[in-house]
Structures are given as C-alpha cells and as structure tokens.
1. By the gyration tensor of its Cα atoms, with a ≥ b ≥ c the square roots of the eigenvalues, what is the shape of the stretch 154-229: rounded for a/c under 1.5, prolate for a/b over b/c, or oblate?
2. Using Cα pairs under 8 angstrom and six or more residues apart, how large is the relative contact order of the chain, in percent?
3. With angles folded into 0 to 90 degrees, how steeply does helix 168-177 sit against the dominant principal axis of the chain? Use alpha carbons for both and round to 10.
4. So what is log10(I(q)/I(0)) for the chain at q = 0.13 1/Å, when the Debye sum runs over its Cα atoms only?
5. Between rounded, prolate and oblate, where does the stretch 242-340 land on the alpha carbon gyration tensor, with a ≥ b ≥ c its root eigenvalues, rounded for a/c under 1.5, else prolate if a/b exceeds b/c?
6. Expressed as a whole number of Å, what is the distance separating the alpha-carbon centroids of the stretch 4-22 and the stretch 290-324?
7. Tilt of helix 247-258 relative to the longest C-alpha principal axis of the chain, in degrees (0 to 90, nearest 10)?
8. Return the whole-Å distance between the Cα centroid of the stretch 225-258 and the Cα centroid of the stretch 144-217.
Ligand SMILES: *Cc1c(COP(=O)(O)O)cnc(C)c1O
C-alpha cells in the first residue's frame, strides 16, 4: 500500500516540540548551564562508564542514584523516581493522573510541554491565566479547585519562562485545599534556593520535579527525578518505560550528584550575573526586564522579533516568545558566562540605539 491512514485524532494540529536551536556563538536560548562538567568530574565519569556492562539491561529503577538522591533529601529510596529527563516524568504524570474524562489545571504562560502532554493523553486542560505581572491568580486557582473536578495541577517554581517563584504559603494552601495531585516543578530551584521539600511529609498529594539538565550541566544526558510519597511513586512506576534511564546515564548521574558541591561556584556566579544583567537591561531605554529567581531573564521590548534577529546575526541566540500568547513582545535570555552576557547586553544596546537613530531620521525626513 502506498498510503497510510490518519494517526490518533488528538495529533491533529499538533507540531513537534522545537527547541529552536540554531548555530550560534552564545547559546542563551535553552536555560542550560553555560559551563560544562569540569575536567575532574569528567575523568570520574569516564572511569565509571568504562566499568558499565553494555550487554546487560540497566537497573530499571536506577536504585543507586535513587539512594543518593533520597539520602540528600532526607527521604527513602521509595520516595524517589528517576526519569529520562524531567520531561519523561511530566509525560508519566499525564499518563497516570490524566486521560479521557480527566482534568489538568494549568497556569499559563508556563512551560508548553504540560499542555502538550495533556493533549496527547486526551486530558482536558483547564487554564487559570497568570496576572499581568505573571504572578499566580491565587484566589482564582483556589476557586476553580473548589469545584472538585481537577485531577492534577502543575505549579512551576520558578516559572518558565516568566521567572518568579510561587509563594510557599500559597502552595501550602493549595495542598490543603484539594486532593488533586499537585506537582511543583522545581527544575530551577538551585537558582532560587527555595524548595517545597518540607511540605512533603504532611502532604500525600505533593510531587516535586527536579532535573540534572540546568544547574548540574547535564542537559545532554537526560536525567530528572521526582520526590513524592511511596504510593504516588508507585503510580508513576506503573506507567513509566521500564528501561528509560540507561546504564551510562545512571553512572553519569551518580558521579555528578556525588560531586555536586563542585557545581556551587558556577551556580553562585549565575545568580550574581543575573543581578548584574537585570540592572543592565533595566538601564536600556524601552527594555523592561521581569524579576527572576531562575537562570534567565524575560524582558519585554518594542520590536522584540527584530531584536531577536539582530542578536542572532551577531552570534547571540535567545528565545523568542514575542508571538506567544500572554508573552507578546517578550524575549528570554539565559544567564551565560559574564562574556556571553556582555555580548547580549552590547547587542541590545546597539539595537535600541540603531532604532532610535532610524526614528530620528524618519522624523527629520517628514518634518
Ligand atoms: C528544563 C525543564 C524541565 C526538565 O527538563 P529535562 O531536560 O527534561 O530534565 C522541566 N520543567 C521545566 C519548567 C523546565 O524548564
């Protein structure tokens, strides 16, 4: 047969996830750590990989890594599950708590993967939009949950791409107000220095998501994890791919996690640079940066799409949200090395100056 029938109806109109990764000199588009794993940790990783039996299936649950993460968080192995990136665990969440006839509460603008997963699993997505300053409309969320029909909620803290943490008292209130599963996505908590981990002991309905991709420089390896009650972990275990975390990734994760103190200076530098870039952006006429607790800054400006192009032509790749709902006119720049950040700032200053010059010329011509 030279034709094929249509795929499942929920795929209609969906576009595959596109990170918009283009060749550039300064990659400030994907919230990665600008510094790769250092040479000593790399040597440790190489030694461990050399000892991995490649002909054998990996430990399906990555128990050695699980134990390391459990211990660091004052938990037991049964409270931890490792995934092929946080993204796999987000999909598992939609498989386990979503599905036909079930509802997911989303707080847009936020990480687009959540709504895409809901759609793929035929889960209804109920939006409670953030306010204009991107803070959560807490009363509206609690009011919507009171109806009792929501099966799971995701609160991203800090929220990607807007940057601010969710207030801890609000999350506690949320956990007390509903029996829906509440995922707090802490993919960037190493940069905000705040976690809801203390709320785990008293709240069976809390699940915390974290990743090795951002602070720990392992976006290329694909490792994430959740912390939750053993019963919640069991439900995720029912839907996960049995061998999604390969044996090589497991030992890389172990090496990095055991050496995690070595990443601290890099994290501190990113936090300091975030403050510097925030101030420098605020000083550029017409550029309005939003506060950030993460490793990027979202900013709004006139001609954002043209600015994206201008920066890209000069080797700086940032993320263009200028046509995304609720984020009109916004670009998101990951905090890079000080040199990369300088390059971003110089590019933006030049763009704004060139536009002002153009406008002045046009005004003279029409006078
Ligand atoms: C990056 C990110 C993740 C997880 O990414 P992985 O690379 O799949 O671990 C989860 N949530 C948010 C909001 C992110 O930005």
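We did not get these values from a lab; they are worked out from the coordinates using the rules stated. All figures in this text were calculated on a predicted structure; none of them were measured in a lab.
1. Cα axes put the stretch 154-229 in the prolate bin.
2. 22 percent
3. For helix 168-177, the angle is close to 50 degrees.
4. Relative scattering, expressed as log10 I(q)/I(0), comes to -1.11.
5. prolate
6. Using only Cα atoms to place each centre, the spacing works out to 25 Å.
7. On a 0 to 90 degree scale, this one is about 70.
8. If you average the Cα positions of each part, the centres end up 19 Å apart.
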